[in-house]
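What follows is one structure encoded as structure tokens, with my remarks underneath.
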Amino acid sequence: QSFFAVQAFNSLQPGNYDLVVQDANGCEITAPILVPSPLMPLVTSPLSIELELGQNQEIHATVPPSFPIGLVDTVIWTPMTGLVFEGNNTFQLLNPVAQPFTSTQYTVTIITTEGCQSSARTIVKVDREANIYVPNIIWPEDPDGNNATFLIFARDESIARIKKLEIFDRWGSLIFANMDFRPNDPSAGWNGVCRGVPVNPAVYVWWAEVELVDGREVLIKGDVTVVR
């Protein structure tokens, strides 16, 4: 009933259409046109990932090979907490590095250029234990040096810093102190010397304040025996 000068028709629903073309003399030709349904997107991601506190891992969200990745217009992750992206192209947005400090469920949603969308979820389970280990015996004269120093051991990525470490003798006198250092560092530990003089073999008590990467502060304490 009416003709248009335009040659592009947007937002057509999938289905069969008749295209009628009329020239300047009023002659017409009709051709059937099929508007196919758009490819339906599909995105998948791992059901769950297990991490220890401070660890990170890439989350691989994938679309099937049969779906052209060029049709993906938008990639949305919720929440964004703990996610790092190497760039902003589609592949990089589909593969963020996750380092949450608490167990988190992430949802990825892809939206195509036609407005179709698909979502997938991944639960990242975080073991929040810092796994701190402190020896209870040191032998300062150990020829191998393996047990010569009292220090705090832990997974390095789980610890922000050791805020303070203090060691006391049985009378309560402070014989060693250190502040703001990393775990697993022999140079930051105690070698059984007080004011330049080796201490006598005995049991000494200690306490330490540890700041974890998630902001928590942990107070640990115990005793250490010096043998010679």
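Considering (1) open to solvent by 40 Å² or more (accessible area, probe 1.4 Å); (2) free of Cβ contacts under 8 Å to residues at least 60 places away in the same chain; (3) in a loop (DSSP other than H, G, I, E, B); (4) not acidic (Asp, Glu), say which one residue 161 fails and leave the rest.
Tallying (1) open to solvent by 40 Å² or more (accessible area, probe 1.4 Å); (2) free of Cβ contacts under 8 Å to residues at least 60 places away in the same chain; (3) in a loop (DSSP other than H, G, I, E, B); (4) not acidic (Asp, Glu), residue 161 fails exactly one: (3).
Among the residues of segment 188-223, how many are of a type in the set (A, V, I, L, M) and within 36 Å of the chain's Cα centre (by Cα)? I'd like the intermediate steps shown before the answer.
Of all residues in segment 188-223, those of a type in the set (A, V, I, L, M) come to 188, 193, 197, 199, 202-203, 205, 208, 210, 212-213, 218-220.
Those still in the list that are within 36 Å of the chain's Cα centre (by Cα) too: 188, 208, 210, 212-213, 218-220.
So the answer is 8.
When you scan segment 217-226, do you find a residue that is part of a strand (DSSP E or B), touching a residue at least 40 places away in the same chain (Cβ under 8 Å), hydroxyl-bearing (Ser, Thr, Tyr) and open to solvent by 30 Å² or more (accessible area, probe 1.4 Å), even just one? Walk me through it before giving the result.
Going residue by residue through segment 217-226, those that are part of a strand (DSSP E or B) are 217-226.
Narrowing the set further to residues that are touching a residue at least 40 places away in the same chain (Cβ under 8 Å) leaves 217-218, 220, 222-226.
Keeping just the survivors that are hydroxyl-bearing (Ser, Thr, Tyr) gives 225.
From what's left, open to solvent by 30 Å² or more (accessible area, probe 1.4 Å): 225.
Yes - at least one qualifying residue is present in segment 217-226.
Could you check segment 157-168 and list, in sequence order, the residues that are of a type outside the set (Gly, Ala, Ser) and at pLDDT 95 or above? Break it down stepwise before answering.
Step one: list which residues in segment 157-168 are of a type outside the set (Gly, Ala, Ser), which gives 157, 159, 161-168.
Within segment 157-168, 159, 161, 162, 163, 164, 165, 166, 167, 168 qualify.
Could you figure out which of (1) farther than 30 Å from residue 48 by Cβ; (2) in contact (Cβ under 8 Å) with a residue 40 or more places away in the chain isn't true of residue 210?
The single condition residue 210 does not satisfy is (1).
Name the residue that is modelled with the lowest pLDDT, counting only residues in segment 70-89 that are crowded, with 16+ Cβ neighbours inside 10 Å and not in a strand (DSSP E or B). So that I can check it myself, show each step before the final result.
Taking segment 70-89 as the starting set, the residues that turn out to be crowded, with 16+ Cβ neighbours inside 10 Å are 71-72, 75, 77, 82-83.
Subsequent filtering for residues that are not in a strand (DSSP E or B) retains 71, 82.
Values: 71: 93, 82: 96.
Taking the candidates together, the pick is 71.
Determine which member of the set 147, 200, 184 is open to solvent by 30 Å² or more (accessible area, probe 1.4 Å), more than 30 Å from residue 54 (Cα to Cα) and assigned to a loop (DSSP other than H, G, I, E, B).
Working: 147 fails: more than 30 Å from residue 54 (Cα to Cα); 184 fails: more than 30 Å from residue 54 (Cα to Cα).
Criteria check complete, one pass: 200.
Where residues in segment 161-187 are among the acidic types (Asp, Glu) and within 29 Å of the chain's Cα centre (by Cα), which of them is nearest to residue 214 (Cα to Cα)? Talk me through it step by step, then tell me what you get.
Keep residues of segment 161-187 that are among the acidic types (Asp, Glu), which gives 166, 169, 180, 185.
From the residues that got through so far, the ones that are within 29 Å of the chain's Cα centre (by Cα) too are 180, 185.
Numbers: 180: 17, 185: 21 Å.
Filtering first and then ranking leaves 180.
Under 8 Å between Cβ atoms, at least 6 apart or on separate chains: pull out the pairs that start in segment 173-184 with a residue that is free of Cβ contacts under 8 Å to residues at least 24 places away in the same chain and end on any residue that is in a strand (DSSP E or B) and open to solvent by 70 Å² or more (accessible area, probe 1.4 Å).
Between residues of segment 173-184 that are free of Cβ contacts under 8 Å to residues at least 24 places away in the same chain and residues that are in a strand (DSSP E or B) and open to solvent by 70 Å² or more (accessible area, probe 1.4 Å), the close pairs are 180/161; 181/161.
Identify, please: which residue in segment 1-30 is under 30 Å from residue 116 (Cβ atoms), part of a loop (DSSP other than H, G, I, E, B) and in contact with a strand residue (DSSP E or B) (Cβ under 6 Å, 6 or more places away or on another chain) and is, among those, least open to solvent (accessible area, probe 1.4 Å)?
14
If you go through segment 22-38 one residue at a time, do you hit one that is among the charged types (D, E, K, R) and either closer than 24 Å to residue 214 by Cα or in contact (Cβ under 8 Å) with a residue 12 or more places away in the chain (or both)? It would help to see each step written out before you state the result.
As a first pass, look at segment 22-38 and keep what is among the charged types (D, E, K, R): 23, 28.
Then keep just the ones that are either closer than 24 Å to residue 214 by Cα or in contact (Cβ under 8 Å) with a residue 12 or more places away in the chain (or both); that gives none.
Within segment 22-38 (the criterion being among the charged types (D, E, K, R) and either closer than 24 Å to residue 214 by Cα or in contact (Cβ under 8 Å) with a residue 12 or more places away in the chain (or both)), the answer is no, since none of the residues qualifies.
On the basis of being open to solvent by less than 40 Å² (accessible area, probe 1.4 Å) and at pLDDT 95 or above, does residue 153 make the cut? Before the answer, list the steps.
Working: open to solvent by less than 40 Å² (accessible area, probe 1.4 Å): no; at pLDDT 95 or above: yes.
Answer is no for this residue.
Among the residues of segment 90-138, which ones are assigned to a strand (DSSP E or B), open to solvent by less than 60 Å² (accessible area, probe 1.4 Å) and within 30 Å of residue 199 (Cβ to Cβ)?
Within segment 90-138, just 138 meets the criteria.
The values are calculated or read from the model by the stated rules, or taken from the named source; none is laboratory data. None of the values given here were measured: they were computed from a predicted structure. Positions of Cβ are backbone-derived with ideal geometry, glycine not excepted, and every protein chain shown enters the neighbour counts. These accessible areas exclude ligands, DNA and RNA; they are computed on the full protein's heavy atoms, side chains included. Shrake-Rupley method; radii C 1.70, N 1.55, O 1.52, S 1.80 Å.
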